[in-house]
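Just below is one structure, and these are the notes that go with it.
The values are calculated or read from the model by the stated rules, or taken from the named source; none is laboratory data. Remember, it's a predicted structure, so these values are computed and weren't measured experimentally. Note that we place each Cβ from the backbone using ideal geometry, even for glycine, and neighbour counts take in every protein chain shown.
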Amino acid sequence: MKLAGVECLLLASTVSFACSTGAEFDTNITSNSIIGEIVQHVSVSGCAHDATSQFCELAYSVPVGTADLLEVQYTVPSEHCSSVRVHCFLDGARVYTSPFLGWVDGPVLGGLTTGFINLGPVAPGGHLVEIRAEGQVGGCNNGWLGSWGGELRLRTN
């Protein structure tokens, strides 16, 4: 199912979760099985407040509900022209920092995706996942990160 740029897949039954569009789905819970996948196309601009900032303070946020499973994956888009690493926050606390990822026409570095990162088990209910990017000099990055994007996938149960 796809709603306004947000794709939601229901793979089993019994849980409530919400996509960032505000649409909510209720199904039946099957213990520890993946039953929901949210796919979002991330675009964040206006990051740098000065010409030396590599860390983007602007977060891409996704509210999500789960029984206890929460996995995230970030993939570099084909439009990137320099490397970034992503910082993942769960309910305001940093829980994961990726290695620097490459870009399609540049060095691969730490790959082009984080792969699925398990943030759980988490408490049942609603959570806020936030992703922030950090750049590094190279490619089109001359010392500051102005914007970033990619594909974000979240799995829940």
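What the table shows:
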{"quantity": "Residues of region 41-56 satisfying the condition of being modelled with pLDDT of 85 or more, surrounded by 11 or more Cβ atoms within 10 Å (Cβ to Cβ) and not polar (S, T, N, Q)", "calculated": "His41, Val42, Val44, Cys47, Phe55, Cys56"}
{"quantity": "Residue pairs meeting the criteria (Cβ under 9 Å; at least 6 apart or on separate chains; first without any contact (Cβ under 8 Å) to a residue 24 or more places away in the chain and more than 30 Å from Thr66 (Cβ to Cβ), in region 140-157; second among the aliphatic types (A, V, I, L, M) and outside any strand (DSSP E or B))", "calculated": "Asn142/Ala51"}
{"quantity": "Considering residues of region 118-142 that are small (Gly, Ala, Ser) and touching a Gly at 6+ places or on another chain (Cβ under 9 Å) only, the residue farthest from Ser78 (Cα to Cα)", "calculated": "Gly125"}
{"quantity": "Count of region 99-141 residues which are surrounded by 13 or more Cβ atoms within 10 Å (Cβ to Cβ), out of contact with any Ser or Thr (no Cβ under 7 Å at 6 or more places or on another chain) and on the phi > 0 side of the Ramachandran plot", "calculated": "1"}
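For (1) under 18 Å from Glu130 (Cβ atoms); (2) without any contact (Cβ under 8 Å) to a residue 60 or more places away in the chain; (3) in contact with a helix residue (DSSP H, G or I) (Cβ under 6 Å, 6 or more places away or on another chain), each residue gets a yes or a no:
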| position | (1), (2), (3) |
| --- | --- |
| Asp50 | no, no, no |
| Glu57 | yes, no, no |
| Thr66 | yes, no, no |
| Val76 | no, no, no |
| Glu79 | no, no, no |
| His87 | yes, yes, no |
